[in-house]
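Worksheet for the structure shown next.
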Amino acid sequence: MKVANRGYTSRFRWPRLATLSAMLAPSDTSTFCPIFAMMAAPAINAGDNAWMLVSTALVLLMTGPGLALFYGGLVRRKNVLSMLMQSFTAMALVTVLWVLIGYSLGFAPGNALIGGLHYVGLRGVGALPNPAYAPTIPQTTFMAFEMMFAIITPALITGAFAERMKYSALLLFIGLWSLVVYSPMAHMVWGVGGWLSLGGSMPTLDFAGGTVVHITSGVSALVCALYLGRRIGYPREPMPPHNLVLSLTGACLLWVGWFGFNAGSALNAGGLASAALVATQVAAAAAALIWAALEWWRSGTPSALGAISGAVAGLVAITPAAGYVTPLSALVIGALAGAVCFFMVTVIKSRLGYDDALDAFGVHGIGGTLGALLTGVFATRWINPALGPGAPLGGVDGHWAQILHQLLGVVVAWVWAAVATLGLLWLVDRLIGLRVSREYEIEGLDVNLHGEEGYHFE
Amino acid sequence: MKKIEAVIQPSRLEEVKASLKEAGIEGMTVLEVRGHGRQKGHTEVYRGREYAVDLLPKLKLELVVPDELVEAAVEALILGARTGKIGDGKIFVLPVEDAIRIRNSQRGAAAL
């Protein structure tokens with residue numbers, strides 16, 4: 001996405017490694033990026049910057065209150081605050097890490113796997129655009145926009161360890177995960193020089209984060225659910241959502257915020273942003289209808305929870321494709337995502353028996369994988385000539401080999417997320433333990449971990 | 001004095017209140033309760049997981065009336081609460097030893 005949406009970026013090469021002296025130099029970009037001195041001063045476009053600032057706010061809105069409410073409503077009443085607090089914690093913790101080092105590891109010049117240390121502490125990240133990514137907005141805006149992606153990705157995982165994870169373990173895990181899994185994955189797919197980026201020989205088309213955000217978080221969620229084990233009583237005891245009104249409110253905020261996520265990933269306020277916004281809307285709608293219809297057919301009633309779950313599945317699946325596909329392709333992608341995620345969550349999960357409490361894997365892992373592969377089918381140069389003028393993108397352009405490139409991106413995201421998450425869980429488990437005591441889990445996390453309750457009705 | 005406890009369908013409360021008023025009964029306590037007799041519950045499905053909900057929401061009315069009003073009260077409760085379907089509820093009549101009005105310490109039927 002991002003990098004590749006601009007034709008002229010693929011020929012751009014960053015210096016491979018910063019020298020120590022450059023790293024210690026005053027925060028003047030030209031000191032360690034001499035390329036800037038040779039280029040004409042990039043022009044900031046106020047319209048682009050306005051849209052990207054709004055998009056940045058919209059993507060933050062997805063985590064809080066969007067995802068927080070969506071997840072918070074799905075857990076039992078005794079754990080609602082712990083669930084909200086996990087998303088809120090990601091907002092605060094990842095912001096600090098992103099400023100200190102996360103942005104640099106994702107987007108500074110580096111090698112094929114990870115960014116370097118040039119932007120540590122946001123040194124040199126200021127009002128000047130970074131033409132490699134977004135030539136018409138300040139790099140500060142680009143950095144903040146990407147920060148919101150870094151925030152929501154680990155927050156998505158929290159659905160898998162709902163109702164049983166220690167708060168201290170959550171802090172450590174999310175912090176490490178953000179740096180070990182998210183930043184490198186963002187660099188591989190979106191960073192200049194990343195081995196899956198559009199400048200490479202096997203480019204993975206990922207407009208707004210199907211692999212980087214949804215596969216990594218979804219697969220990590222599955223590993224977390226397997227490592228932590230089931231909640232006490234699952235699946236014998238009923239654990240119905242305590243407040244679907246909260247969940248529906250949260251899902252609607254996610255849907256709206258997704259316009260920033262996907263249309264904002266055009267990184268300007270041009271026609272591509274409009275195309276991505278429409279694709280996003282269409283896919284969410286199709287998936288919501290399909291999920292609810294399948295539910296109607298199988299269990300007799302179309303539920304509110306089903307409709308919102310479908311919408312989120314459609315939004316996930318269209319994420320990698322949003323800036324590459326036509327509205328009708330988005331309709332197909334959304335419909336397939338609604339159907340596949342429905343069967344994954346309602347049929348296959350219960351047969352496999354793992355307790356992914358809020359279906360982070362079934363929706364984000366599966367929806368993200370499906371969307372990434374379908375992007376290889378439906379991406380077209382008529383929407384976005386991302387690989388240069390006239391170069392075909394996906395199967396509909398006659399370039400079916402793109403599906404293999406997409407598959408590579410999917411496999412890398414799966415393996416990277418699974419292996420790294422397993423290692424981090426093991427580490428955190430050894431250091432401080434992952435799971436709360438049996439007593440705490442039965443009595444509820446709100447009272448025991450946070451010393452408060454979500455509801456005091458008089 | 002008798003205490004009448006009636007478990008009714010929540011949707012019948014307004015009808016029951018009206019018929020009790022018609023019968024000259026003033027004052028009652030209403031509790032939100034859950035329970036079931038012969039009525040079967042229903043199932044709820046959340047993302048494919050089915051939960052049997054067998055304890056259903058009901059309302060419990062408690063009123064204490066002088067002996068001579070007991071039959072009228074029971075008739076009024078039946079009139080207001082009956083739909084003819086399983087789950088309409090039950091009425092229990094219990095003896096009451098004494099009643100005290102807290103405001104002025106009146107006792108017995110005068111306190112009702």
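A few points about this structure:
- Measure of compaction for the stretch B:62-108 (Cα Rg per 2.2 N^0.38 Å): 1.49
- Taking label positions 7 Å along the Cα-Cβ direction at both B:F92 and A:L427, the computed distance is 6.2 nm, reported to one decimal.
- Expressed in Å, the radius of gyration and Dmax of the Cα atoms of the stretch A:183-236 are 15.9, 51.
- Remark on B:V64: its backbone amide H falls under 5 Å from those of B:I4, a criterion applied only to residues 5 or more positions apart or on other chains, H modelled at 1.01 Å from N.
- Translational D in µm²/s for the stretch B:45-84 (Stokes-Einstein at 10 °C, 1.306 mPa s, Kirkwood Rh from C-alpha pairs): 117
- GNM on chain B, alpha-carbon springs under 10 angstrom: the most fluctuating residue among B:E15, B:E44, B:E75 is B:E44.
- Shown are A:Y133, A:Y440, whose ranking by accessible area with a 1.4 Å probe and every protein chain present, most to least, is A:Y440, A:Y133.
- Annotation: amide H of B:L56 within the under-5 Å range of B:G35, B:H36, sequence separation 5 or more or interchain, hydrogens built in the peptide plane.
- Percentage of interatomic Cα-Cα distances in the stretch A:48-111 larger than 17 Å: 56
- Using the Cβ-Cβ distance between A:T301 and B:L31 with R0 = 25 Å, the FRET efficiency computed as 1/(1 + (r/R0)^6) comes to roughly 0.25.
- Toward the positive end of the charge dipole of the protein assembly as shown, with +1 on the Cβ of Lys and Arg and -1 on the Cβ of Asp and Glu, the farthest Cα among A:P241, A:I215, A:S350 is that of A:I215.
- Residue-by-residue Karplus 3J(HN,Hα) for the stretch A:330-347, coefficients 6.51, -1.76, 1.60, Hz, glycine and proline x: 4, 4, 5, 4, x, 5, 5, 5, x, 6, 5, 5, 4, 5, 4, 7, 8, 10
- A:H450-A:Y354 FRET efficiency (beta carbon distance; Förster radius 25 Å; 0.05 resolution): 0.40
- Where B meets A: accessible area buried, both sides, 1.4 Å probe, Å²: 1000
- The radius of gyration of the Cα set in the stretch A:135-189, together with its Dmax, comes out at 13.7, 45 angstrom.
- The stretch B:2-111, dipole about Cα centre (Lys/Arg Cβ +1, Asp/Glu Cβ -1), debye to the nearest 20: 420
- The convex hull built on the alpha-carbon positions of the stretch B:2-111 has an orientation-averaged projected area of 8.6 nm².
- When the convex hull of its Cα atoms is viewed from all sides, the stretch A:268-418 shows a mean projected area of 9.7 nm².
- Computed helical MRE - 222 nm, chain A, DSSP H runs ≥ 4 contributing -39500 (n - 2.57), nearest 500: -17000 deg cm²/dmol
- A viscosity of 0.890 mPa s and a temperature of 25 °C, combined with the Kirkwood radius over C-alpha pairs in the Stokes-Einstein formula, give the stretch A:126-248 a diffusion coefficient of 147 µm²/s.
- Residues with amide H under 5 Å from that of A:R435, placed H, sequence gap 5 or more: A:K166
- More than 39 angstrom apart: percent of Cα pairs within chain A: 17
- Within the stretch A:381-431, the percentage of alpha carbon pairs spaced more than 17 angstrom apart rounds to 55%.
- For the protein assembly as shown, the share of accessible area belonging to carbon and sulfur comes to 65 percent (1.4 Å probe, ligands and nucleic acids excluded).
- Straight-distance candidates among the lysines for linking to B:K58, with alpha-carbon spacing under 18 Å and chain neighbours fewer than 8 residues away dropped: B:K17, B:K40, B:K85, B:K90.
- Separation of the A:A43 and B:R82 label points, Cα + 7 Å toward Cβ, nm: 8.6
The values are calculated or read from the model by the stated rules, or taken from the named source; none is laboratory data. Since the model is a prediction, treat every value here as computed from it, not as a measurement. No Cβ is skipped: glycine too gets one built from the backbone with ideal geometry, and neighbour counts run over all protein chains shown. Heads up: the accessible areas ignore ligands, DNA and RNA and are worked out on the full protein's heavy atoms, side chains in. Shrake-Rupley method; radii C 1.70, N 1.55, O 1.52, S 1.80 Å.
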